[in-house]
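Okay, so here's the structure we're looking at.
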Amino acid sequence: MASDEEKVIVRKRAHFRCEYCKAPEEITGYAFHIEHIHPQDQGGKDEMENYALSCMPCNRAKSYHQTGQDPKTGHEKRLFHPRKDKWNDHFRVEGKIHVKGKTAIGRTTEQRLKLNQKRQLEARALWLELGLYP
Ligand SMILES: [Zn+2]
């Protein structure tokens, strides 16, 4: 469990955005989760390098998963790792609100975390109008 100090650092490090879908925390009305990238019950450590800031929909969909199926190839791939991977290397924003995977890791994460659910797209359209997305 991250300490209060560590939680502040994790939020700042993530620029107050979900590290998977880039949702801005300030406008959602709740504190994003400090998630374990590598789940604790699968040997993940309780340390800064294993923490990521995640919105509720991403954290719920990710759950205990570390891999998924690449929708393009059908092969099992690992998910995006916010500490090891760069977001822009694996994702792009299409049409200003759709988060699209551009690598096997990106595509697998897009599908596993359901990064473009209807409600998320609706919210992003509003954030876009406010200049808060992407
Ligand atoms: Zn998210």
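The values are calculated or read from the model by the stated rules, or taken from the named source; none is laboratory data. These numbers come from a predicted model, not from an experiment. Virtual Cβ from ideal backbone geometry, glycine too; neighbours counted across all protein chains shown. Heavy atoms of the whole protein, side chains included, go into the accessibility calculation; ligands, DNA and RNA do not. Shrake-Rupley method; radii C 1.70, N 1.55, O 1.52, S 1.80 Å.
Things to note:
- Restricted to helices (runs of 4 or more DSSP H) entirely inside segment 71-134, those with at least 2 residues that are in contact with a Lys or Arg (Cβ under 8 Å, 6 or more places away or on another chain) and among the small types (Gly, Ala, Ser) are 104-112.
- Restricting TYR30, TYR51 to residues that are surrounded by fewer than 18 Cβ atoms within 10 Å (Cβ to Cβ), more than 10 Å from the ligand (Cβ to nearest atom) and in contact (Cβ under 8 Å) with a residue 12 or more places away in the chain narrows the list to TYR30.
- Among (1) open to solvent by 70 Å² or more (accessible area, probe 1.4 Å); (2) in contact (Cβ under 8 Å) with a residue 24 or more places away in the chain, the one test that LYS86 misses: (2)
- Qualifying positions in segment 17-67 - among the polar types (S, T, N, Q), part of a helix (DSSP H, G or I) and within 10 Å of the chain's Cα centre (by Cα): ASN59
- Residue in segment 6-23 that is among the β-branched types (Val, Ile, Thr), open to solvent by 10 Å² or more (accessible area, probe 1.4 Å) and free of Cβ contacts under 8 Å to residues at least 12 places away in the same chain present: yes
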